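Every read-out reported here was derived from the displayed coordinates using simple, explicitly stated rules and does not represent laboratory data. The shown structure was predicted, so the numbers you read here are calculated from the model rather than taken from an experiment. So basically every Cβ, Gly included, is an ideal-geometry build from the backbone, and we count neighbours across all protein chains shown.
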């Protein structure tokens with residue numbers, strides 16, 4: 001007499017789930033990169049400009065936007081892509097007056113324009129990831 005426990009269907013399900021997780025991760029990475037690029041472009045479009053230093057520094061350094069500002073340099077730009085390691089990308093600007101610009105010290109952009117862009121990006125990314133999960137599952 002024997003009793004057989006066959007969990008092979010569970011292994012098949014486990015393999016399928018692993019493929020689904022991998023698919024969601026790939027779509028999440030793609031969405032993250034896309035939303036990041038859109039947000040960097042948006043920030044450069046809405047950035048108030050006096051010398052161009054802040055605009056040039058957001059995310060990817062673009063020196064051709066800087067007018068005569070000897071303090072502007074590539075070190076002002078912040079762009080750290082960790083999307084493969086931990087699904088994160090950090091972008092921004094290290095110019096010392098960025099907080100003041102976001103607080104409304106320029107009439108060329110509304111107060112909180114950076115915060116508004118971050119909210120839009122977060123909502124866009126969340127929707128993209130939700131679509132990715134729905135497609136894979």
Linear extension gain, residue 122 paired with residue 13, 0.36 nm per residue minus alpha-carbon span: 36.0 nm
Exposure proxy order (Cβ contacts within 10 Å, fewest to most) of 62, 12: 12, 62
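Hey, what's the Cα Rg ratio for the stretch 76-137 versus the globular rule of thumb, 2.2 N^0.38 Å? Mind dumping the intermediate values first?
Details: Rg = 15.3 Å, N = 62, 2.2 N^0.38 = 10.6 Å.
This ratio for the stretch 76-137 stands at 1.45.
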Added length on full extension, which subtracts the Cα-Cα distance from 0.36 nm per residue, residue 79 to residue 4: 21.4 nm
Using a Förster distance of 35 Å, the FRET efficiency for residue 100-residue 29 (Cβ separation, nearest 0.05): 0.55
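Show me the three semi-axes of the equivalent ellipsoid for the stretch 45-102, from the C-alpha gyration tensor (sqrt of 5 times each eigenvalue), largest first, rounded to whole Å. Could you put the intermediate results ahead of the total?
Values: eigenvalues 102, 28, 17 Å².
After diagonalising the Cα gyration tensor, the semi-axes are 23, 12, 9 Å.
What percent does the relative contact order of the stretch 34-136 come to when contacts are Cα pairs within less than 8 Å and at least six residues apart? Before the final figure, lay out the partial values.
Numbers: 131 pairs, mean separation 25.2, N = 103.
This gives 24 percent for the stretch 34-136.
What number does the stretch 20-74 give for Rg over Rh if you use C-alpha atoms and the Kirkwood radius?
Looking at the stretch 20-74, the ratio lands at 1.21.
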Extension reserve of the residue 63-residue 107 stretch, reckoned as 0.36 nm per residue once the Cα distance is removed: 13.5 nm
Largest to smallest principal axis extent of the C-alpha atoms in the stretch 34-136, angstrom: 50, 27, 19
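Under the rule of -39500 (n - 2.57) per DSSP H run of 4 or more residues, summed and divided by the residues of the chain, what mean residue ellipticity at 222 nm is obtained, to the nearest 500 deg cm²/dmol? Don't skip to the answer; put the middle values down first.
Values: 5 runs with 77 residues, N = 137.
Dividing the helical sum by the residues of the chain leaves -18500 deg cm²/dmol.
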Rounded to 10°, Cα long-axis angle of helix 113-136 versus longest principal axis of the chain: 20
Residue list for the stretch 10-29, given a label point 7 angstrom along the Cα-to-Cβ vector of residue 87 and an amide N cut-off under 12 Å: 21-29
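If R0 is 30 Å, what FRET efficiency do you get for residue 41 and residue 20 from their C-beta distance, rounded to 0.05?
Working: r = 32 Å, r/R0 = 1.06.
Computed FRET efficiency for residue 41 and residue 20 comes out at 0.40.
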